[in-house]
Amino acid sequence: MSDKKKILIVEDDDQIRQIYQMKLGGSGYDVQVAADGVEGLSVAETFKPDLIMLDLRMPNLSGDQMLEKMRTTEWGKSIKVVVLTNVSRNEASLALRHLNIEAYLVKANYVPSQILQVVQDVLAR
């Protein structure tokens, strides 16, 4: 049994998904990825990540819809979530405020090393 922290990246943009998969994987995390909210829910249920990096605007099931569904499950109610999106906080769904997220990051404002720092800080809490 590995004591590596597990991170799930739910992001529909292939390039962004790969950048963070390499950055976090290279930093010693066990990383899985999903391309939309439907896949994200499925992977989260079996992978049981310590943290999910979640985009909001995705096909099939948006990030906020995925999070809403996940929070109603026994396995998903306490997983730490960092929203990583290009949707400004003002444009984000009001429901997000009640879905217990650890951090809300706008992709355009952060480089991967800063995102890694946020992930490390959140997992250390």
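Per-structure values
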{"quantity": "Options Q65, Q32, Q114: the member that is under 24 Å from K4 (Cβ atoms), out of contact with any strand residue (DSSP E or B) (no Cβ under 8 Å at 6 or more places or on another chain) and among the polar types (S, T, N, Q)", "calculated": "Q114"}
{"quantity": "Residues that are of a type outside the set (D, E, K, R) and either in a helix (DSSP H, G or I) or more than 15 Å from E102 (Cα to Cα) (or both), drawn from the stretch 51-70", "calculated": "M58, P59, N60, L61, S62, G63, Q65, M66, L67, M70"}
{"quantity": "Single residue of the stretch 1-22 satisfying the filter (in contact (Cβ under 8 Å) with a residue 60 or more places away in the chain and not charged (D, E, K, R)) that is nearest to I79 (Cα to Cα)", "calculated": "I7"}
{"quantity": "Qualifying residue in the stretch 31-46 (condition: in contact with a Ser or Thr (Cβ under 8 Å, 6 or more places away or on another chain) and modelled with pLDDT under 95)", "calculated": "no"}
{"quantity": "Test: V87 is closer than 27 Å to S27 by Cβ and in contact (Cβ under 8 Å) with a residue 12 or more places away in the chain", "calculated": "yes"}
{"quantity": "Qualifying residues in the stretch 42-66 (those that are more than 11 Å from the chain's Cα centre (by Cα) and more than 17 Å from T85 (Cα to Cα)) - the one surrounded by the most Cβ atoms within 10 Å (Cβ to Cβ)", "calculated": "V43"}
{"quantity": "Subset of the stretch 66-98 (residues that are in contact with a Leu (Cβ under 9 Å, 6 or more places away or on another chain), modelled with pLDDT of 80 or more and of a type in the set (K, R))", "calculated": "K69, R71, K80"}
{"quantity": "Near pairs, Cβ below 6 angstrom, 6+ apart or cross-chain, from the stretch 23-50 (part of a helix (DSSP H, G or I)) to any residue that is acidic (D, E)", "calculated": "none"}
{"quantity": "Of all residues in the stretch 71-125 being in a helix (DSSP H, G or I) and small (G, A, S), the one that is surrounded by the most Cβ atoms within 10 Å (Cβ to Cβ)", "calculated": "A95"}
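The values are calculated or read from the model by the stated rules, or taken from the named source; none is laboratory data. Just so we're clear, the structure is a prediction, and the values are computed from it rather than from any experiment. Every residue, glycine as well, gets a Cβ built from its backbone with ideal geometry; the counts of neighbours run over all protein chains shown.
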